[in-house]
Amino acid sequence: MSEELQSRGMLNKGQVVFRYEYLVIGATNLLALRKAGYIPNRDYGNYGTRKPDRLLVDKNSNNPSVIAVVEDKKNGRFLNRKEIIKTIQQCNDVCQEVGAKIGIITDGSKYIWFNPNQPNEDNIYQDLTTHKSRSYTIITDENDSDLKKPFIIDRKEDQLDLKKLPDSTQETIRTIIELVTVLSSTNSTVKPMIQIDPLPLAKRVWQDIWVATGKSPEKCLYNVVELLIFKFLSDLEVLKEPANFAFLYSLYNNNSNDYVLDYYAKVCRPKIIELFPKGDDGTTVINGTIFVENDRPVLQMATLFRNSIKKFNEFGNEFGSLKNINKDFKTKLYENFLKQSEGLKTLGQYFTPRKVVRAIVQMSGVDHLVKGQKVCDPFCGVGGFVLEPINLYQSLRDNFLPISGSINPKIQFRGYDKGFEKDEERTIILAKANMLIYLADIVSKYNNMTNQFATIFNDVFKLLSQTNLGTLGIILENEEDKYDLIMTNPPYVTSGIRTLKNEIQEKTNLNDFYRINAGGVEGLALEWIIRSLKMGGKAFVIIPDGLLNRLNDKKIRQFLLEECILDAIISLPAKTFFLLLKKLTY
């Protein structure tokens with residue numbers, strides 16, 4: 001075992017920088033690094049004695065991977081082009097032996113980044129140790145200039161939180177993350193990703209389904225989202241042959257429409273559920289019932305299914321992969337369809353326009369939460385208040401990055417919804433599907449960890465179907481179980497409130513919990529929120545203005561002022577909410 005690793009306390013781990021481990025070595029050879037579990041367990045032959053200067057590794061006990069090999073010029077200065085090429089070749093040899101994704105050479109002031117995995121006829125040379133023919137490609141930026149960003153990691157103690165690292169180290173890690181995403185054996189250019197907006201596609205497919213079936217707009221939407229997820233997972237290479245989109249589409253060449261829909265129902269759809277298993281509440285990321293119902297193909301819809309699949313294929317041919325979906329698409333999709341639905345009740349009462357959600361999230365300070373703190377939307381619907389922070393802040397999206405082979409979010413996000421029927425549970429499924437799309441870049445990189453991502457989706461979004469009370473039936477008695485931040489738009493109804501209050505009265509613990517006897521569901525919701533906040537916690541709650549002036553809500557207003565510090569009341573414009581004037585039931 002290397003004396004260097006032992007003396008520096010790196011036998012079990014190097015310096016932890018975000019999700020990577022960073023080793024500044026120079027006196028430790030590849031055989032010792034293999035024994036310590038830092039590099040893949042393979043035969044390094046004559047290269048076993050080579051000693052890299054620095055390594056950035058994604059260490060996994062079963063399958064460690066080398067992200068970058070850094071070669072430092074000993075004399076501190078590149079003298080000429082010939083010396084630069086020689087140094088690159090030395091570094092490239094090690095990169096290819098250990099399977100590194102990136103190679104970097106530096107003299108302390110100048111940095112050159114290269115891709116050891118993309119062959120290049122202009123850079124072919126013979127490795128003098130193994131006599132193999134090797135090559136590499138210099139990484140370039142969007143202007144086709146050589147990438148010359150500094151590689152600086154200057155934090156000595158371990159740090160998992162990217163935001164707490166020095167700016168220079170943050171910049172290095174973000175560059176690495178981007179490169180790991182875009183580099184391949186055919187690409188070494190770092191260009192801004194083209195954002196795809198599939199909304200026009202969704203509208204066309206939705207229109208076809210709606211006209212053909214006469215189903216409600218929201219039911220048609222669920223099936224559009226399911227096909228979107230199918231194509232999306234295929235483009236991410238999470239779904240592979242024979243269960244992916246391309247393979248299914250090829251079946252139309254020699255098979256009937258019925259056969260292909262049956263294949264989708266029996267092979268593709270079950271594979272999605274296998275990759276993203278259902279949670280304890282029985283929901284996963286897909287939920288359409290027009291093409292497949294109760295796991296059986298609806299063969300009357302086989303032609304409609306083919307037409308829909310064809311539109312997705314044509315869109316891909318014209319605009320490219322769905323891998324990089326425009327961030328604003330996720331909620332735009334729901335806004336465009338949900339606001340025009342005459343039949344929406346369950347979804348409508350929860351749905352909050354994107355602009356309102358974003359403004360509240362930006363005011364909330366959610367990006368300043370620290371490890372161990374909790375965020376909740378107790379009436380989450382399609383998940384806007386839970387997912388918008390992930391959409392807005394890279395640091396919160398990084399919260400779901402795997403570290404050492406597991407996903408352990410430092411900040412807990414939680415969204416509750418209720419429902420007894422298939423139609424009611426679809427909101428949670430849409431929320432889970434949306435979270436999958438929001439985390440596309442991470443899921444794509446770690447596409448062998450879909451079950452773990454499914455566990456996260458199922459933990460974040462919970463369907464409550466045990467009682468009619470939904471979230472109102474949950475009592476958080478211990479301070480540590482309560483929430484640091486609650487953002488929500490609870491349902492606004494007085495009709496049917498007596499049924500809920502009767503159910504509360506039947507349970508002693510709930511009767512003691514709801515002591516204010518507020519007028520509507522929103523009053524019960526507000527009482528739940530106040531009692532479920534930690535001391536010092538914050539809540540941003542959308543309420544109807546009636547709660548501020550109704551005579552029978554005097555007690556809830558008094559309770560609010562006694563228990564909380566009221567920072568602000570913001571009046572929203574009339575008709576802010578699409579279905580505010582509809583009669584809603586809870």
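Of note:
- Subset of the stretch 75-86 (residues that are more than 17 Å from Pro150 (Cβ to Cβ) and within 42 Å of the chain's Cα centre (by Cα)): Ile85, Lys86
- Test: Val190 is more than 20 Å from the chain's Cα centre (by Cα) and among the aliphatic types (A, V, I, L, M): yes
- One residue from Ile88, Ile124, Ile102, Ile139 being without any contact (Cβ under 8 Å) to a residue 12 or more places away in the chain, under 23 Å from Ser185 (Cβ atoms) and not charged (D, E, K, R): Ile124
- Contact map, the stretch 224-250: residues that are free of Cβ contacts under 8 Å to residues at least 12 places away in the same chain and of a type in the set (Phe, Trp, Tyr) paired with residues that are in a loop (DSSP other than H, G, I, E, B) and surrounded by fewer than 23 Cβ atoms within 10 Å (Cβ to Cβ), Cβ distance under 6 Å, separation 6+ or inter-chain. Pairs shown: Phe247/Glu241.
- A single member of Glu503, Glu527, Glu562 is in a helix (DSSP H, G or I) and at pLDDT below 85, and it is Glu503.
- Residue in the stretch 442-457 that is under 15 Å from Asn287 (Cβ atoms), touching a residue at least 40 places away in the same chain (Cβ under 8 Å) and touching a Ser or Thr at 6+ places or on another chain (Cβ under 6 Å) present: no
- Among the residues of the stretch 500-523, the one identified as touching a residue at least 60 places away in the same chain (Cβ under 8 Å) and either within 28 Å of Met363 (Cβ to Cβ) or touching a Gly at 6+ places or on another chain (Cβ under 9 Å) (or both) is Val521.
- Residue check for Glu522: crowded, with 17+ Cβ neighbours inside 10 Å, at pLDDT 90 or above and closer than 22 Å to Val375 by Cβ: no
- Within the stretch 99-131, the set of residues being among the charged types (D, E, K, R) and in contact with a Gly (Cβ under 9 Å, 6 or more places away or on another chain) comprises just one member, Asp107.
- Considered as a group, the residues in the stretch 147-165 that are among the charged types (D, E, K, R) and under 14 Å from Thr175 (Cα atoms) include one that is nearest to the chain's Cα centre (by Cα), and that residue is Lys149.
- From the options Ile177, Ile152, residue that is in a loop (DSSP other than H, G, I, E, B) and surrounded by 13 or more Cβ atoms within 10 Å (Cβ to Cβ): Ile152
- Check on Ile497, farther than 20 Å from Val366 by Cβ and within 28 Å of the chain's Cα centre (by Cα): no
- Scanning the stretch 34-54 for residues that are surrounded by 17 or more Cβ atoms within 10 Å (Cβ to Cβ), without any contact (Cβ under 8 Å) to a residue 40 or more places away in the chain and not acidic (Asp, Glu) yields Arg34, Ala36, Gly37, Tyr38, Arg54.
- Output for the stretch 349-379, where each listed residue is part of a loop (DSSP other than H, G, I, E, B) and of a type in the set (A, V, I, L, M): Leu369, Val370
- When the residues of the stretch 456-482 are filtered to those that are under 18 Å from Ser532 (Cβ atoms) and hydroxyl-bearing (Ser, Thr, Tyr), the one that is modelled with the highest pLDDT is Thr471.
- Test set (1) over 25 Å from Gly320 (Cα atoms); (2) among the hydrophobic types (A, V, I, L, M, F, W, C); (3) surrounded by fewer than 20 Cβ atoms within 10 Å (Cβ to Cβ) - Ile290 fails condition number: (3)
- Counting the residues of the stretch 470-490 that are among the hydrophobic types (A, V, I, L, M, F, W, C) and surrounded by fewer than 20 Cβ atoms within 10 Å (Cβ to Cβ) gives 3.
- Test: residue in the stretch 491-513 that is under 24 Å from Pro389 (Cα atoms), in contact with a strand residue (DSSP E or B) (Cβ under 9 Å, 6 or more places away or on another chain) and surrounded by 12 or more Cβ atoms within 10 Å (Cβ to Cβ): no
- Residue check, Met435 within 20 Å of Glu274 (Cβ to Cβ), surrounded by 23 or more Cβ atoms within 10 Å (Cβ to Cβ) and of a type in the set (A, V, I, L, M): yes
- For the stretch 358-398, taking the residues that are acidic (Asp, Glu) and farther than 12 Å from Leu485 by Cβ, the one that is modelled with the lowest pLDDT is identified as Asp398.
- Restricting the stretch 251-296 to residues that are of a type in the set (Asp, Glu) and assigned to a loop (DSSP other than H, G, I, E, B), the residue that is farthest from the chain's Cα centre (by Cα): Asp295
The values are calculated or read from the model by the stated rules, or taken from the named source; none is laboratory data. Predicted model only: the values in this text are computed from it and were never measured. Note: ideal-geometry Cβ built from the backbone for every residue, glycine included; neighbour counts use all protein chains shown.
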